Structure formats: C-alpha cells, structure tokens
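Beneath this line is the structure, given in structure tokens, with notes to follow.
The values are calculated or read from the model by the stated rules, or taken from the named source; none is laboratory data. Predicted, not measured: the structure shown is a model, and the values here were computed from it. Positions of Cβ are generated from backbone atoms using ideal geometry, with glycine treated the same way; all protein chains shown enter the neighbour counts. Only protein heavy atoms, including side chains, enter the accessible area calculation; ligands, DNA and RNA are left aside. Shrake-Rupley method; radii C 1.70, N 1.55, O 1.52, S 1.80 Å.
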Amino acid sequence: MQRLERDNPGRTAGFPGNRQGPALLAPGRQAIAAAAAALHDGRLVGLPTETVYGLAGAATDPLAVARIFAAKGRPAFNPLIVHVADRAAAGRLAHLPAPAQSLAAAFWPGPLTLVLPRRPDSGLAELVSAGLDTVALRMPAHPVARALLAACGLPLAAPSANPSGRLSPTRAGDVAVAFDAAQVALILDGGPCAIGLESSIVGFAGDGPVLLRQGGIAEERLAEVCGPLGRPVDPKVQAPGMLASHYAPAARLRLDAAAAAPGEALLAFGPQPPPCDGPLRNLSPQGDLVEAAANLFRMLRELDGLAGRIAVMPVPAHGLGAAINDRLARAAAPR
Ligand code: TXA
Ligand code: MG
C-alpha cells in the first residue's frame, strides 16, 4: 500500500494518538485496482454506494466475511447483503422467482435488496447468510461500486460501514474515523451518498413479496411492479437471521463439553482437542476467533449430517466469540 499512497496521494484520517486511519483514495483506475487486489487478499474496503457506504469483503471468502463482523463489532451474526455486478451474477448465486425478476428488471441497479434462495453451488461463504438458506442480493447503482464489482469479479458482502449500533455512514470521512488501517485496507471516496438511507429489502414467502425493510424505494413504487407487499410474520424481527429456529440443526447440541461421549460428534476449538471416535471438526486449531467464526456454520452443517448429537467445546466470549456463543446457544435451545 505504501507505493500506491505515493502514486495516488490519499488522505489518512486524523486519529488521536498513534492510531492510523485507513487511506481515503480518489476512485481512479489505480485506486480501484488496489481495492480489487485487497479484496482478493481477503481484506476489507470502504465502498461508496448510492444508499450508504458499505464495508466490503469477498462474499466467497469466509475469513473476509468474518473480518467484516469483527470490524463492525456486531454482537451477533446478522446475515449480510451481497452486492453483484449484474443480473447474470445474481442468477449464479440465487434463484429468482418471477416477482423477483420483475423487481430486478425495474429497480436494478438501485437501492433494492432481494432476499432469495441460495443456489447450492453459489460458492458463497455460509457466514454471509449467517447459516440461512437465503441470500440478500443487491446491484448497486453508484458508479464507483459498479467499477469495483467489475474490476474484482467477486460478489461483495457489504453491510453499512458503521460500528454496530452506530449510524450508517454517508460520507467517506464517516468511515475513516470509525475503523483503523488494520481493519480496512482503504476507503474509496465517492463523495456523499445520494440517497443516504439503506436499500429497501424484499423477501418472498412462497412467491408473494414481503417487505422486510423500508428503504430507498417507496413501497408504492415497489407495489406497482410486484403487487401488494406482505409483512414478515413477526414484524418485531428486524433481522430474520435472529430467529432461533433458523439456527436449529437436526442434531442436539451439548455446549461447554470437555469431550465427546460415545455416539457424539465433536465441534472442537483450539489446539489439542480431546480424542473423539466420531466425526470431528475444529473451529480453529489456532484458537483464533475470526477463523472460528468463518468455519462455524459450515462445520455445524457438516456435523449435523453425520451425528444425532454434537458436543461443543467452550469458545471464549470475547471479540467474535460473543456472536459465536450467541449462535451456539440458539442452536442448542430446546424446541
Ligand atoms: O443500502 C444498503 O442496503 C447498505 C449498502 C451498503 O448496500 N447495506 C446495508 O447492509 O444496509 P446491512 O448489513 O446494514 O443490512 C442488512 C440487512 C439486515 O437487516 C439483515 O437482517 C438483512 O439485510 N438480511 C440480509 N440477509 C438476509 C437474509 N438472508 N434474510 C433476511 N434478511 C436478510
Ligand atoms: Mg446497517
């Protein structure tokens, strides 16, 4: 990055003390290429969209997705929106029922997110959907977002680029003061966001459209294209990913296990897990919580297919461990 900052004089945000903010780069060809390279390296990029700035990482890379959750300090794994370059890319990741195709034709590129069934061969990290069978897709209209999607050739997971519980950022400087250079490789400065409000989110129950989040497109305009929109069954559920039932594997989970009992699979954490006769997965042999988050949903799914009971070793509760323990507790809840 040193060389790039000399070639393309970026400003770095002024942090008090020694903290170094990520570089803010004018989004020329070189900066876009640097951002694409960072994304292919599993690093994060501050990305302007027409709604709000996003904190983008490769949606195919579970570690990059885990780094997004770590940087935002989210207490739980809400599923993230995946940004795509065009409708063909959307079709490779998910199935679009007829009303979704009409909505995409009418409003993409633009501030509309569609929650769709994932294709089994999507190549997306499980963590991006937080273990759900659906994925939220959006084709942004901002020219810088479009240029980066074209340059990197990756679907990009990008929640709003604010620390958890804070306001969504609408200027590059908002992003720069919220993260440091270790968390975010660089920020593309695309100027203030034209809409300044997140995208509208539409899901589908059966084939009928359901408005999951009010946003940049008025409901009346959506309804002109897809007919009246239903409401989620439980309107209090802002993030459907929080529903305990979404995290329920068929297998029973036994938390805080020191070892697996006969007939149990073992979901381990850290070096030297206890010996296990049954199926074994280790969330992170290094004891690294970002790696563990990246592996969590995939390993739970794999063990769920292999055993009726899963013993889960304790995972520390700091950093991403809080969200990991939240998800494990939901998966273990009696039902
Ligand atoms: O305008 C926007 O949508 C911005 C820009 C950056 O594109 N992004 C954004 O992302 O607002 P985020 O992560 O802050 O909001 C994502 C929302 C959450 O409410 C989440 O619950 C919902 O999308 N969501 C994502 N995947 C979902 C899924 N599979 N099912 C239901 N809801 C989902
Ligand atoms: Mg947000």
Exercise for review: Under a 10 Å cutoff between Cα atoms, tell me which one of G203, G278, G57 has the largest fluctuation in the Gaussian network model of the chain.
Suggested key: G278
Practice item. Report the extension gain between A258 and A106 in nm, rounded to one decimal, defined as 0.36 nm multiplied by the number of residues separating them, less their alpha carbon distance. Key: 49.3 nm
Point to revise | FRET efficiency, D277 to A182 (Cβ-Cβ, R0 35 Å, nearest 0.05) | key: 0.25
**Study point:** Label-to-label distance, nm, for residues given as Q20 and A205 (7 Å Cα→Cβ offset)
**Key:** 5.1
Check your understanding: Can you tell which of D41, D288, D277 shows the greatest fluctuation in a Gaussian network model of the chain with Cα springs below 10 Å?
Key -> D277
Study note, to complete from the structure: Row for region 132-190, column shape: gyration tensor on C-alpha, a ≥ b ≥ c, rounded if a/c < 1.5 i.e. under 1.5, prolate if a/b over b/c, else oblate; value oblate
Practice item. In square nanometres and to one decimal, what's the mean projected area of the convex hull around the Cα atoms of region 96-221? Key: 8.7
Check your understanding: Got a sec? What order do R29, R171 fall in by accessible area at 1.4 Å, biggest, i.e. largest, first?
Key -> R29, R171
Review point. In terms of the Cα gyration tensor, with a ≥ b ≥ c the square roots of its eigenvalues, is region 273-335 rounded because a/c is under 1.5, prolate because a/b exceeds b/c, or oblate?
Key: oblate
Check your understanding: In µm²/s, what is D for the chain at 37 °C and 0.692 mPa s, where D = kT/(6 pi eta Rh) by Stokes-Einstein and Rh is the Kirkwood radius from Cα pairs?
Key -> 159
Check your understanding: How many angstrom separate the Cα center of region 84-105 from the Cα center of region 19-69?
Key -> 24
Review point. Under 5 Å between amide H atoms, partner at least 5 residues away or on a different chain: which partners does G110 have, H built in plane at 1.01 Å?
Key: M139, A141
Practice item. Extending each Cα 7 Å along its Cβ direction at D133 and R87, get the distance between those two points in nm, one decimal. Key: 2.6
Exercise for review: Rank these by accessible area, largest first, 1.4 Å probe: R254, R301.
Suggested key: R301, R254
Check your understanding: Using a 1.4 Å probe on the protein chains only, how many percent of the accessible area of the chain belongs to carbon and sulfur?
Key -> 53
**Study point:** C-alpha center-to-center spacing [region 178-239, region 312-334] in angstrom
**Key:** 28
Review point. Of R231, R327, R281, which has the most accessible area with a 1.4 Å probe, and how do the rest follow in descending order?
Key: R231, R281, R327
Check your understanding: Tell me, what is the FRET efficiency for A150 and V233 to the nearest 0.05, using R0 = 51 angstrom and their Cβ-Cβ distance as r?
Key -> 0.85
Point to revise | Choice from L255, L188, L116 showing the highest fluctuation, given a GNM over the chain with Cα pairs closer than 10 Å | key: L255
Check your understanding: How high is the relative contact order of the chain, given as a whole-number percent (alpha carbon pairs under 8 Å, six or more residues apart)?
Key -> 21
Exercise for review: Out of all DSSP beta bridges with both ends in the chain, state the antiparallel percent to the nearest 5.
Suggested key: 50
Point to revise | Under-5 Å amide H pairs with I81, H placed in peptide plane, nonlocal only | key: A158
